[in-house]
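First the structure, in the form of structure tokens, and then the observations on it.
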Amino acid sequence: MRASLGAAYDLGYHGGWCSKYRRPVLGGRVKDRLEGLIRVKGGEHGWGIVAVEVTPGRVRLLDEPYSKNSPSCVAGRFKGFISRHLRAEFAHLRSSLPALWSRSCFVATVGVVSAETVRRSIETRYEWAAMGGGRA
């Protein structure tokens with residue numbers, strides 16, 4: 001639960017976005033740096049980062065922003081900040097892709113399902129998929 005002047009709220013966003021053309025460019029050192037950048041950007045704005053999953057072509061995130069931050073604003077801030085830093089640090093991301101991210105993103109508010117349930121879903125996704133539960 002968070003509070004600001006005149007408001008109390010418990011808000012979480014479960015979001016995700018893909019690399020341009022879903023190319024598998026988010027592995028190894030890029031993945032490690034990307035996770036760090038997410039935590040840096042979240043810290044800059046005071047957004048709580050609950051869970052992060054980075055696969056070679058996709059990022060999934062559960063964060064707790066302030067109530068004044070719209071879902072598209074939060075996703076856009078993360079995508080722009082991360083793209084600028086990763087493309088400056090890793091030359092292969094500049095040469096192999098015209099842009100790091102696709103234009104779209106997915107964002108859902110966490111409400112009916114608890115934030116803890118979404119966090120467990122993000123952390124155990126591959127275990128579930130290995131048991132035949134679906135795509136990873």
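Descriptive notes on the structure:
- Residue in the range 62-76 that is part of a strand (DSSP E or B), in contact with a strand residue (DSSP E or B) (Cβ under 7 Å, 6 or more places away or on another chain) and not hydrophobic (A, V, I, L, M, F, W, C) present: yes
- Within the range 9-63, the set of residues being in contact with an Asp or Glu (Cβ under 9 Å, 6 or more places away or on another chain), without any contact (Cβ under 8 Å) to a residue 60 or more places away in the chain and of a type in the set (Gly, Ala, Ser) comprises Gly42, Gly48.
- Which numbered condition Ala136 fails, given (1) at pLDDT below 95; (2) in contact with a Lys or Arg (Cβ under 9 Å, 6 or more places away or on another chain); (3) outside any loop (DSSP other than H, G, I, E, B): (3)
- Residues that are within 19 Å of Arg60 (Cα to Cα) and either small (Gly, Ala, Ser) or not in a loop (DSSP other than H, G, I, E, B) (or both), drawn from the range 85-109: His85, Leu86, Ala99, Trp101, Ser102, Ser104, Phe106, Val107, Ala108, Thr109
- Residue, farthest from the chain's Cα centre (by Cα), within the range 64-77, restricted to residues that are touching a residue at least 60 places away in the same chain (Cβ under 8 Å) and closer than 25 Å to Thr124 by Cα: Glu64
- From the options Ala88, Ala75, Ala108, residue that is hydrophobic (A, V, I, L, M, F, W, C), out of contact with any Leu (no Cβ under 8 Å at 6 or more places or on another chain) and modelled with pLDDT of 95 or more: Ala88
The values are calculated or read from the model by the stated rules, or taken from the named source; none is laboratory data. Fair warning: this is a prediction, and the values are worked out from it, not measured in the lab. Counting neighbours? That spans all protein chains shown, and the Cβs are built from the backbone with ideal geometry, glycine included.
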